[in-house]
Amino acid sequence: MDENALIQSARKGDLNAFNTLVLAYQHQVYNLAYRIMAEQAAAEDATQDTFISAYKNLKSFRGGSFKSWLLRIVTNACYDDLRRRKRRPATSLDEMMGDQEGDMEFDVPSADDGPETVMQRREMIDLIQTGITTLPDDQRITLVLSDVQSMSYEEIAEMTHTNVGTVKSRLSRGRARLREYLQAHGELLPDLYRLESNGA
Amino acid sequence: MKPINDHLQAEELFSAYIDNRVTADEKSFVERHTAVCADCHARLQAARSLVAALRAMPVVKAPRSFVLPRKMPREMARQPQRSILAWYPALRLATALAVVAFVLVFAGDLFASSYGSSMNMPPAVPQAALMAPTAIPAMITKEVAVAQATNAPTPTVVAKLMDQTQSADATSAAGAQLSAPQPASALPTATSMLPAAGAAPASSAARSITSTGEVTGARASAPQATPTTEPASDAATAAPANGAAPIDPLRLIEIVLGGLVIILGVATLIVRQRAA
Ligand SMILES: [Zn+2]
């Protein structure tokens, strides 16, 4: 059964058809939410809200890429959540502990000069993820859509209701800022170079 | 050395340059500059590495299935959570205000009672204070019952009532262990006073008490108030309370505020738990 047929059936209220689509896209939707929110619970909430909202608003889907449509919904859900958090800056104790743990983990210099280990790679990914959360919301979301999700400037502009010029400058500032964060948090760049030369 | 403007201009272009989103002029500017400027060359390499690292981030698998159930539970829509969340700031503020008010009144009371003579202090009060851990929950439930039963009680009546219940609690608790009974000076018990609070002035209620401790005068106008503190009241009837206390509205306010602090505090905690 192809995607369009599933969407048509789901529109008529066929929940099984819709759930086939959920199964096809839930990892991509969750991944985007997780990369933006950097927190499992928040990413789960955003993902769940996305599929509920998609099911309820299936009639407003006007064709095109269903995946892009879902990613737009989850991006908006993340935006909303980030905005809500700003209104309620008293984060839970867990979140604060999580941040601190993240920082402490990477302040430990690695004495190991050997080849890149799984552990180092894991730490680097976590450090990048933590760095992403330090960016302003617009830069954070633009950077994830571009560099994690590999979307074009045009797609991002449409998704975030702005123009290509703004996407360009948000991305430029976000990348520069993230680079500063990584440099301030240890000898990471050799790892980055290695990663690049490995073609990973 | 190139002018500082060149470094800044080059760096601003790195991001777009990596994505191949620069004009031909910009492209050649970046390439010419990084060919002669080691700093900017290193920075461009770092920017490239970062983008490569971001692209190499693994896809995080969803930790569970997000398949929609046939009947969506209400909490999946997350409406209740949000409405509860909306109450949180107000609740927190109310709790804080109640605590402040309680502390102020309590401090004022401490000052007043150390200032005033011992005549002002009913003998039961120190006992009540000693019994505080057990007596307070009972007092709060009584207070709630009274608050619900009476629409606009005169402060004096309720104040008297509270003194009665306090001393009743204290004596009933103490009575089990102490064989020395309190002077029974033809005073109303907690049982009789609770319904009376609804309408009858305390004095008339007290006057109409029979030897069995029943209220006759207050019965006619007895409100629907059914005290929720049966055991305490029963015990109080058995051990007549010493309630020759003068009216002390301050004590009542303290108890009301104390109860309010506890109720608001618990509510705030519940909302916070749900919001988390
Ligand atoms: Zn330069």
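The values are calculated or read from the model by the stated rules, or taken from the named source; none is laboratory data. From a predicted model like this one, the values you see are computed outputs, not experimental measurements. Quick reminder, even Gly has a Cβ in these numbers, built from the backbone with ideal geometry, and neighbours come from all protein chains shown.
Residues in the range A:1-33 that are more than 26 Å from the chain's Cα centre (by Cα) and not in a loop (DSSP other than H, G, I, E, B): A:ASN4, A:ALA5, A:LEU6, A:GLN8, A:SER9, A:ALA10, A:ARG11, A:LEU15, A:ASN16, A:ALA17. Scanning the range A:53-90 for residues that are more than 22 Å from A:ASP14 (Cβ to Cβ) and basic (Lys, Arg) yields A:ARG72, A:ARG83, A:ARG84, A:ARG85, A:LYS86, A:ARG87, A:ARG88.
Mind checking which residues of the range B:39-70 are among the β-branched types (Val, Ile, Thr) and closer than 30 Å to A:ALA54 by Cβ?
Selection gives B:VAL59, B:VAL60, B:VAL67.
Picking from residues in the range B:38-72 that are in a helix (DSSP H, G or I), more than 7 Å from every other protein chain (Cβ to nearest Cβ) and free of Cβ contacts under 8 Å to residues at least 24 places away in the same chain, the one that is farthest from A:LEU21 (Cα to Cα) is B:ALA38.
Considering the range B:13-30 alone, what residues qualify as being assigned to a helix (DSSP H, G or I), within 13 Å of chain A (Cβ to nearest Cβ) and surrounded by fewer than 17 Cβ atoms within 10 Å (Cβ to Cβ)?
Step one: filter the range B:13-30 for residues assigned to a helix (DSSP H, G or I), giving B:13-18, B:24-30.
When the remaining residues are screened for being within 13 Å of chain A (Cβ to nearest Cβ), the result is B:13-18, B:26, B:30.
Matches in the range B:13-30: B:GLU26 only.
Would you confirm, using the coordinates I've provided, whether B:HIS33 is within 14 Å of chain A (Cβ to nearest Cβ), buried (at least 16 other Cβ atoms within 10 Å of the Cβ), farther than 23 Å from A:MET151 by Cβ and within 9 Å of the ligand (Cβ to nearest atom)? Judged against the criteria, B:HIS33 is not a match. When B:ASN5 is tested against (1) within 15 Å of the ligand (Cβ to nearest atom); (2) at pLDDT 95 or above, only condition (2) is not met.
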